[in-house]
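Please treat every number below as a calculation from the coordinates, not as lab data. Bear in mind the structure is a predicted one, so any value in this text is a computation, not a measurement. Quick reminder, even Gly has a Cβ in these numbers, built from the backbone with ideal geometry, and neighbours come from all protein chains shown.
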Amino acid sequence: MGGSRYIATFLDDYTNFSVVRLIKVKSQVPEEIKSVIAELERQTGLQVKAIRSDREGEYINQTLQDYLKKKGIVQQLKAPYSPEQNGKAERLNRTLVERVRSMLHSSQVSKNLWAEAVVTANRIRNCSPTTGHTKTTWELFYNVKPDVSNMRIFGSIAYVHTPKELRKKLDPKGKPGIFLGYEPHAKAYRVLVDGKINSRVLDLDESKFILLEKHMNVVDIMNMSDEEEEEQISDVHVPVEDHMEQDIPPDVLPTATSQTLNHRQNSVGSGGDEDGRRVRSRIEEEPTTQRRSGRVHQPPSEWWRATGLLAVEEPDTITEASQQAH
């Protein structure tokens, strides 16, 4: 929202408490380091002994080195191409990026609000336990348990109060906006309304979200069916031919015979093929339609009508046989 392009992260080595500052150019890093060190030392009553960073130009410059020498702070630099020497800081950056990605995707908030999401994600992290500790990083750093009763879902709908001086008698007293986070050093929320950040919140509805791509439509996610939710949230049209799995008509699917199923069961019990894991089963081919001749079918001829039948009487005695021979 404020034109920031980078984030500067600061991590306490013992408590894992982290601080995030938004910057427009990298040349602002030395001033942000001075500001963070002064604030944390004043709030805790402790002093910074050393800082560890990489060898980028924003950390190695005359302004910052003069400040650290004056404060008696040791500057530890990691070896080139060795991010593992500052692994906790690298892990912090990855954690914040992964949370911001999930928050923007799940709430369907525009990616232009990434800076607000980073600050909110860091606040949630400080109010959560980390590896190696049973307490939250906030409690370890400030010796006070954090108040999580005001935690809300990022990107949900929030109704912002409209002063009576800015509305007519029958106008609504509130406008819907997008909940983005928490106002620093104040008991207020940060809500985006009409392109501006506002903190006069009347109520929040965490079951609904506002989609910026849908011209500020209010979408009730919790009370939607799966089909309605997919229609409202999905902004990407995927052609049918691009799907990994397509609907196939039943008459096209091959049918597995009992021989196939028996072979499959025997293969599983005996170890299968050569690799012992994959089982290859044969599927009987579908019977093809029998080809018929193109000749015209004719009924069989009645051959007995064209054949003369001869009645021949056989002789009963030798005398009759000899008489027929003549």
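For region 72-171, the Kirkwood hydrodynamic radius comes to 17.1 Å, computed from all pairs of different C-alpha atoms.
If each residue's Cβ is checked for other Cβ atoms within 10 Å, how do THR130, THR137 rank with the fewest at the top? List each step's numbers first, then the result.
Details: THR130 17, THR137 22.
Listed from fewest to most nearby Cβ atoms, that is THR130, THR137.
Return a whole-number percent for the relative contact order of region 1-119, with Cα pairs under 8 Å and 6 or more residues apart as the contact set. Reported relative contact order: 23 percent. Checking the Cα-Cα distances for LYS26/LYS187; LYS145/LYS187; LYS24/LYS145; LYS49/LYS69; LYS24/LYS69 against a 22 Å cut-off, the pairs over it are LYS26/LYS187; LYS24/LYS145; LYS24/LYS69.
Using the Cα coordinates of region 6-142, the gyration tensor eigenvalues translate into equivalent-ellipsoid semi-axes of 25, 19, 15 Å, sorted from longest to shortest.
The residues GLU32, GLU116, when put in order of fewest to most other Cβ atoms within 10 Å, stand as GLU32, GLU116.
Here the convex hull built on the C-alpha positions of region 95-146 has a volume of 80 cubic angstrom per residue. Each part reduced to its alpha carbon centroid, region 102-122 and region 1-65 end up 22 Å apart. Counting beta carbons within 10 Å around each of THR63, THR95 and listing the fewest first gives the order THR63, THR95.
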